[in-house]
Amino acid sequence: MRQNKRALRNDFTVVHNKKLYQILEPAYTKDVIVEERINGRMYITHNNRALGYKEIYSRPLKEKPKKTFKIRKKYIPPKEHPWRKYPALSKPDISILVKTGHF
């Protein structure tokens with residue numbers, strides 16, 4: 001009989017001999033013991049209690065949390081805000097400028 005201590009993942013899966021096993025009963029622990037008997041049977045135990053399991057061939061998919069987006073409004077300062085004290089800088093009128101030779 002061989003006993004190996006294995007980590008129990010958050011999705012209740014255990015890896016042993018490159019195979020993935022799903023624990024059917026919730027076991028609130030970080031690790032379990034995988035026992036391989038001489039007759040070829042395998043048991044997964046915790047606190048000397050056998051846990052039900054099944055072999056799975058692909059890893060369970062993680063649920064992705066849905067992203068929530070906020071629509072942000074453009075900030076408009078109030079009328080008393082210091083930014084509103086100064087008038088906006090006006091751009092010079094280029095139509096009155098004399099055209100030079102490179103145009």
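The values are calculated or read from the model by the stated rules, or taken from the named source; none is laboratory data. If you're wondering where the values come from, they're calculated on a predicted model, not measured in any experiment. Positions of Cβ are backbone-derived with ideal geometry, glycine not excepted, and every protein chain shown enters the neighbour counts.
A few notes on this one:
- The stretch 4-39, residues that are touching a strand residue (DSSP E or B) at 6+ places or on another chain (Cβ under 6 Å) and among the hydroxyl-bearing types (Ser, Thr, Tyr): THR13, TYR21, THR29
- Leading residue by the ranking (farthest from PHE12 (Cα to Cα)) among those in the stretch 24-59 that are outside any strand (DSSP E or B) and small (Gly, Ala, Ser): GLY40
- Flag for TYR21 being outside any loop (DSSP other than H, G, I, E, B), over 25 Å from LYS62 (Cα atoms) and either hydroxyl-bearing (Ser, Thr, Tyr) or touching a Cys at 6+ places or on another chain (Cβ under 7 Å) (or both): no
- Of the residues making up the stretch 1-18, just one is in a strand (DSSP E or B) and either of a type in the set (Ser, Thr, Tyr) or touching a Ser or Thr at 6+ places or on another chain (Cβ under 8 Å) (or both), namely THR13.
- ILE38 being surrounded by 10 or more Cβ atoms within 10 Å (Cβ to Cβ), under 30 Å from ASN4 (Cβ atoms), among the β-branched types (Val, Ile, Thr) and modelled with pLDDT of 75 or more: no
- Unique match (being modelled with pLDDT of 85 or more and of a type outside the set (S, T, N, Q)) among LEU61, LEU97, LEU89, LEU51: LEU51
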